[in-house]
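Take a look at the structure below.
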Amino acid sequence: MSELSLRGENLHLWRGERHVLRGLGLEVAAGEVLQVTGANGAGKTTLLRALCGMLYLEEGRIVWNGVNVRDDMPAFHGALTYLGHEPPLKADLTASENLRYWVGLRRRLEPARIASALESVGVPGVASELVRTLSAGQKRRVALAALPLLSVPLWLLDEPTTNLDTEGQKLVGSLIERHIRAGGLAVAAVHHEIFVSPQHLRRLELSKS
């Protein structure tokens, strides 16, 4: 993973009549996390959705490993995972079933791996529980358990600490830290400082237009 990089060049994007991204530039490389902050409405979610190709730019380009992502979107999508503000979990499936089907779209998982992942994020007892019965914090932890299981180099995270206490926020930091120490990279939109080593951290603050 050591040569991986993500770059945004002169990004412009409108949402209705609002010019949300105004010539924005960014860069993050393997072994780094880009912490994106800003007031509500500053464009943090818009930026993440643009980076993963869910929104089209009016101007500028996203570059993955030196190649415009629009040249090969399937390959780019195969290298990333996007965890939005709301955990992408099915309410009438159990925590284990959610991970098996979500991650299973990319790779086969043994039950022991799923159990280990749930234990690593502090919710080993919810494996057989329907997601609709879980608290908001438990749902967030189940979604976080999928990140290392997906085995992709690029993580795009929108408010990954939502509904988590201080211990949970530290857990998010440790997951990101392990990922980038292994050569991955991440972009995280947050309201709070990420608990990662300063030498791995880049910062980008967005201003509300």
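So what's the angle, to the nearest 10 degrees on a 0 to 90 scale, between helix 95-104 and the longest Cα principal axis of the chain?
50 degrees
Once you wrap a convex hull around the alpha carbon atoms of region 117-209, what is its projected area averaged over all directions, in nm²? Walk me through the intermediate numbers first.
Values: hull surface 27.7 nm².
If I average the Cα hull's projected area over directions, I get 6.9 nm².
Can you compute the label reach from Glu119? Point 7 Å from Cα along the Cβ direction, backbone N cut-off under 17 Å, restricted to region 145-186.
145-146, 148-149
Show me the trypsin sites (Lys or Arg not before Pro) within region 47-141 that DSSP assigns to loop and that have at most 12 other Cβ atoms within 10 Å of their Cβ. Please list the in-between numbers first.
On the way: sites: Arg49, Arg61, Arg70, Lys90, Arg100, Arg106, Arg107, Arg108, Arg113, Arg132, Lys139, Arg140, Arg141; in loops: Lys90, Arg106, Arg107, Arg108.
Sparse-neighbourhood loop trypsin sites (Lys or Arg not before Pro): Arg107, Arg108.
Semi-axes, largest first, in whole Å: what does sqrt of 5 times each Cα gyration tensor eigenvalue give for the chain?
Numbers: eigenvalues 161, 67, 57 Å².
Square roots of five times the eigenvalues give 28, 18, 17 Å.
What value, in deg cm²/dmol to 500, does the helix sum -39500 (n - 2.57) over DSSP H runs of n ≥ 4 give at 222 nm once divided by the residues of the chain?
Details: 6 runs with 65 residues, N = 209.
-9500 deg cm²/dmol, from helical runs alone.
Every number here is computed from the coordinates shown, using simple stated rules; none is lab data. Small disclaimer: the values here were computed from a predicted structure and weren't measured. No Cβ is skipped: glycine too gets one built from the backbone with ideal geometry, and neighbour counts run over all protein chains shown.
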